[in-house]
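The values are calculated or read from the model by the stated rules, or taken from the named source; none is laboratory data. Please read all numbers here as calculations on a predicted model, not as lab measurements. Here Cβ is always computed from backbone atoms with ideal geometry, including for glycine, and neighbour counts include all displayed protein chains.
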Amino acid sequence: MKEVYSVKVAIAKMEHFCAYQERCHQEVTDKLRSIHMDSDEIDTIMVHLITEKFLNEERFARSFARGKHRIKQWGKIRIIAELKFRKINQNGINFALKEITPEEYNTTFDTLSNRHWESIRETNTLKKRKKFCDFMLRKGFESQLIYEKVKELESEERG
């Protein structure tokens, strides 16, 4: 038998859940559904978490963008897609992207692309280029940046 929580207990659990790490509204709502709270209870708890500043979509989006860029070295396209998946609105996404300076973005892109290019052990130039481009696209960098970089790396390799 699943445990049934009172609103008071659920609020305490969700405060802890949100204090541990930044959360988006979607994550908290899903968590509340998983502990069998009904819609009215979820609304009450969500209002409490927002007014008590445990939950803040913009703060979540900013933190998410910073972390995913700096730690996982994701590009803007991947960050935007992940934020949309978490139902963050366009304003929140715009604020989040401002957390990454153009200098930091370009430095991350250059470092990651140079390191990955060097790590590919492929003698066939076309296959190497494809592996490189696929990897950088999966990381969420803009295709134009990637294609310019691949030309630059290939010309350096030729000498």
> When the range 77-89 is examined, which residues are found to be over 9 Å from the mean Cα position of the chain (by Cα) and not aliphatic (A, V, I, L, M)?
Replying inline: Lys84, Phe85, Arg86, Lys87, Asn89
> Here are some residues: Glu118, Glu52, Glu99, Glu104. Which one is free of Cβ contacts under 8 Å to residues at least 12 places away in the same chain and of a type in the set (Asp, Glu)?
Replying inline: Glu118
> Would you pick out the residues in the range 106-159 that are closer than 15 Å to Ile77 by Cβ and either in the same structural domain as Arg78 (by TED's automatic domain parsing) or part of a loop (DSSP other than H, G, I, E, B) (or both)?
Replying inline: Gly140, Phe141, Glu142
> Taking the range 37-74, which residues are part of a loop (DSSP other than H, G, I, E, B) and under 19 Å from Asn94 (Cβ atoms)?
Replying inline: Asn56, Trp74
> Which residues, taken from the range 63-112, are closer than 22 Å to Cys18 by Cα and among the small types (Gly, Ala, Ser)?
Replying inline: Ser63, Ala65, Gly67, Gly92, Ala96
> Among the residues of the range 125-138, is any β-branched (Val, Ile, Thr), in contact (Cβ under 8 Å) with a residue 12 or more places away in the chain and farther than 30 Å from His25 by Cα?
Replying inline: yes
> Is at least one residue of the range 101-112 at pLDDT 95 or above, under 19 Å from Leu145 (Cα atoms) and touching a Phe, Trp or Tyr at 6+ places or on another chain (Cβ under 7 Å)?
Replying inline: yes
